[in-house]
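Written out below as structure tokens is the structure these notes cover.
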Amino acid sequence: GQQLNQSPQSMFIQEGEDVSMNCTSSSIFNTWLWYKQDPGEGPVLLIALYKAGELTSNGRLTAQFGITRKDSFLNISASIPSDVGIYFCAGQRDSGYSTLTFGKGTMLLVSP
Amino acid sequence: ETGVTQSPTHLIKTRGQQVTLRCSSQSGHNTVSWYQQALGQGPQFIFQYYREEENGRGNFPPRFSGLQFPNYSSELNVNALELDDSALYLCASRLEAGNSPLHFGNGTRLTVT
């Protein structure tokens, strides 16, 4: 099935560093979402973006909905060890349906 | 804690068998969808149920079927299991209206041998 192009595939950083990851698509989405998944658990919603150009923050996390509606990025500032996990972007075309198209994920490792 | 609960957490089945996975949606959520997540991949949409009717389906064969009950709990059934069906199966629920996002359960890890 289709998946979004998410990069980087993995990152290994030092505690306190900032992190940036992005997601691109060949087609337009009307909603972009960022999820985090810890081992043995389901994805947990971090940020939802509903409008092209929108920039939204949630604590140390900031995400933007690209103007073309074909991309999004997620920044994490001042990373801490509990930021470790797999981050997924997801696009949704129609708010009336739950069909999400996911990226393959970015695995983040943070060294104390 | 999303309020979406799935059972069982782990399951081992043999090729050719049938399996039923269960999901209890978050209170007030009348839309439920199921996703398959293979190792190292993002979740893939299987289907969605709204008010007990299937109203969206991904690229999965008919041996993947589901049910949604009046209390909005849900089942995923897979017949004639194949080795490639081994995956984490995620249930997610949302409110019907507007832009309410999906909230996922912790999944059922299915292993087919």
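The values are calculated or read from the model by the stated rules, or taken from the named source; none is laboratory data. Just so we're clear, the structure is a prediction, and the values are computed from it rather than from any experiment. Ideal geometry is used to build each Cβ from the backbone, glycine not excepted, and the neighbour counts take in all protein chains shown. Note: accessible area is taken over every heavy atom of the protein model, side chains too, but ligands, DNA and RNA are not part of it. Shrake-Rupley method; radii C 1.70, N 1.55, O 1.52, S 1.80 Å.
Of everything in the range A:83-103 that is modelled with pLDDT under 95 and open to solvent by 10 Å² or more (accessible area, probe 1.4 Å), the residue that is farthest from A:S25 (Cα to Cα) is A:G96.
Condition first: among the acidic types (D, E), more than 13 Å from chain B (Cβ to nearest Cβ) and farther than 20 Å from A:N30 by Cα. Can you find one or more residues in the range A:69-76 that meet it? No, because not a single residue in the range A:69-76 is among the acidic types (D, E), more than 13 Å from chain B (Cβ to nearest Cβ) and farther than 20 Å from A:N30 by Cα. Would you mind telling me which numbered condition in (1) open to solvent by 30 Å² or more (accessible area, probe 1.4 Å); (2) within 22 Å of A:D38 (Cβ to Cβ); (3) of a type in the set (S, T, Y) B:S33 fails? With (1) open to solvent by 30 Å² or more (accessible area, probe 1.4 Å); (2) within 22 Å of A:D38 (Cβ to Cβ); (3) of a type in the set (S, T, Y) applied to B:S33, the lone miss is (1).
Could you name every one of the strands (runs of 3 or more DSSP E) located completely within the range A:1-109 that has at least 3 residues being more than 11 Å from the chain's Cα centre (by Cα)? Talk me through it step by step, then tell me what you get.
Numbers: elements: A:5-7, A:10-14, A:19-24, A:31-37, A:44-49, A:55-58, A:61-65, A:71-76, A:85-92, A:100-102.
Hits in the range A:1-109: A:10-14, A:55-58.
Per the conditions (1) buried (at least 19 other Cβ atoms within 10 Å of the Cβ); (2) out of contact with any helix residue (DSSP H, G or I) (no Cβ under 6 Å at 6 or more places or on another chain), the sole criterion not satisfied by B:R57 is (1).
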